[in-house]
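Everything on this sheet refers to the single structure shown next.
The values are calculated or read from the model by the stated rules, or taken from the named source; none is laboratory data. Quick caveat: nothing in here was measured; it's all calculated off a predicted structure. Glycine gets a Cβ as well: all are built from the backbone with ideal geometry, and neighbour counts include every protein chain shown.
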Amino acid sequence: MVSQGYKEIPKTVRTNFTCGIYFEIANDREVLVIHEENTMGLKKDDWLEMFKHCTKEDYSFLYINSKKPRKLRCMKNFDKVVFFDTERGGEHEETEYSSDEDEKKVVKKNRK
């Protein structure tokens, strides 16, 4: 399903999505609704930081696949896994991921 307005999709439909692609959104309320329905176990500030990180470049997006294991659910575009390791004090990692080879390589690591 494609929509320019996330909240325009009925909630009963949205809550049944297993995957979502989210580009930069100017409407803060819309972003908060996406966060509320797709927290991925992250605090709001961490989730918003991840969203902004994934959408800051032209044509980049946050891809969420709820069928993947927790640490592989959020991706920047389709090639970089992004997650916060809450067990290590909110460390943020961006990892290149190849599903063909099941190979992961850390590209960026930032401490909050």
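Annotation note: of THR86, THR15, THR39, the sole residue that is modelled with pLDDT under 90, loosely packed, with under 11 Cβ neighbours inside 10 Å and polar (S, T, N, Q) is THR15.
Within segment 18-36, the set of residues being under 12 Å from GLY5 (Cα atoms), among the β-branched types (Val, Ile, Thr) and either free of Cβ contacts under 8 Å to residues at least 12 places away in the same chain or not in a helix (DSSP H, G or I) (or both) comprises ILE25 only.
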